[in-house]
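Here is the structure we will look at.
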Amino acid sequence: MNCYEHTLIIKQDTSEKQQEDVVKKYEDIISKNSGKLIKTEKWGSIIFSNPLKKNKKGFYVHFKFESSGDVIKKLEDLERIDNQLLRFLTVK
């Protein structure tokens with residue numbers, strides 16, 4: 001199992017409840033696919049220096065977890081089609 005760090009940027013116009021739902025959704029994906037979630041950090045709303053997809057700020061969430069490479073593929077495939085996310089990044 002490899003150790004990964006994964007960061008999401010959620011759109012600024014989502015409510016706190018929706019943000020919690022997004023975080024829970026991706027934590028469940030990691031856990032259900034034999035990943036071990038080490039830590040979830042909510043960095044909060046951060047203002048961008050340049051607009052990103054017409055958004056001036058976004059809510060950052062950072063995950064640290066251990067898993068196989070298959071989990072990363074599933075995670076990123078779902079994130080590509082999620083309309084509530086602006087960006088995501090995974091680092092091994």
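Within this structure, Ser45 passes the test of being among the polar types (S, T, N, Q), within 15 Å of Leu85 (Cβ to Cβ) and without any contact (Cβ under 8 Å) to a residue 40 or more places away in the chain.
The set of residues in segment 23-34 being outside any helix (DSSP H, G or I) and open to solvent by less than 50 Å² (accessible area, probe 1.4 Å) consists of Asn33 alone.
For segment 42-78, the candidate set comprises residues that are in a helix (DSSP H, G or I) and basic (Lys, Arg); within that set, the residue that is nearest to Lys24 (Cα to Cα) is Lys74.
To keep it simple, each residue is scored yes or no on (1) among the basic types (Lys, Arg); (2) in contact with a strand residue (DSSP E or B) (Cβ under 6 Å, 6 or more places away or on another chain); (3) free of Cβ contacts under 8 Å to residues at least 40 places away in the same chain.
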{"site": "Lys32", "(1), (2), (3)": "yes, no, yes"}
{"site": "Glu41", "(1), (2), (3)": "no, yes, yes"}
{"site": "Lys57", "(1), (2), (3)": "yes, yes, no"}
{"site": "Ser68", "(1), (2), (3)": "no, no, no"}
{"site": "Leu78", "(1), (2), (3)": "no, no, no"}
{"site": "Thr90", "(1), (2), (3)": "no, yes, no"}
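Each row is one residue, and each column tells you yes or no for (1) modelled with pLDDT of 95 or more; (2) of a type in the set (A, V, I, L, M, F, W, C); (3) more than 13 Å from the chain's Cα centre (by Cα); (4) open to solvent by less than 40 Å² (accessible area, probe 1.4 Å).
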{"position": "Asn50", "(1), (2), (3), (4)": "no, no, yes, no"}
{"position": "Lys53", "(1), (2), (3), (4)": "no, no, yes, no"}
{"position": "Val61", "(1), (2), (3), (4)": "yes, yes, no, yes"}
{"position": "Lys73", "(1), (2), (3), (4)": "no, no, yes, no"}
{"position": "Glu79", "(1), (2), (3), (4)": "no, no, no, yes"}
{"position": "Gln84", "(1), (2), (3), (4)": "no, no, no, no"}
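Looking at segment 6-22, can you tell me whether even one residue there is part of a strand (DSSP E or B) and open to solvent by 40 Å² or more (accessible area, probe 1.4 Å)? Yes, because at least one residue in segment 6-22 is part of a strand (DSSP E or B) and open to solvent by 40 Å² or more (accessible area, probe 1.4 Å). You will find that of Tyr26, Tyr4, the residue that is in contact (Cβ under 8 Å) with a residue 12 or more places away in the chain and either more than 19 Å from Asn83 (Cβ to Cβ) or among the β-branched types (Val, Ile, Thr) (or both) is Tyr4 and no other.
The values are calculated or read from the model by the stated rules, or taken from the named source; none is laboratory data. As the structure is a computational prediction, the values presented were derived from the model and not from experiment. Counting neighbours? That spans all protein chains shown, and the Cβs are built from the backbone with ideal geometry, glycine included. Heads up: the accessible areas ignore ligands, DNA and RNA and are worked out on the full protein's heavy atoms, side chains in. Shrake-Rupley method; radii C 1.70, N 1.55, O 1.52, S 1.80 Å.
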